[in-house]
1. Determine the pairs where a residue that is on the phi > 0 side of the Ramachandran plot and part of a strand (DSSP E or B), located within the stretch 30-46, has a partner that is surrounded by 16 or more Cβ atoms within 10 Å (Cβ to Cβ) and at pLDDT 95 or above with Cβ atoms under 9 Å apart, the partner being 6 or more residues away or on another chain.
2. Restricting the search to the stretch 47-68, which residues are surrounded by fewer than 14 Cβ atoms within 10 Å (Cβ to Cβ) and part of a loop (DSSP other than H, G, I, E, B)?
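The values are calculated or read from the model by the stated rules, or taken from the named source; none is laboratory data. As the structure is a computational prediction, the values presented were derived from the model and not from experiment. Cβ placement follows ideal geometry from the backbone for every residue including glycine, while neighbour counts extend to all protein chains displayed.
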């Protein structure tokens, strides 16, 4: 019988791609990429773009962690409460 469950990794990446959420990607050599937007992904790589429009293709096997960056709270949101 085929596994009909969604792939958690794909669901996570697709959600941050659709919502254009900024992420930080930590790779296994200790380097960290910040302020990235996920453009596309497949089974092996993630295509990301930084604030300057520079695109990078990062192999998934080199990634240790992906974190969603906190959104800044607008002043209007603080005073509206």
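1. These pairs meet every condition: 35/22; 35/23.
2. Selection gives 51, 52, 53, 54.
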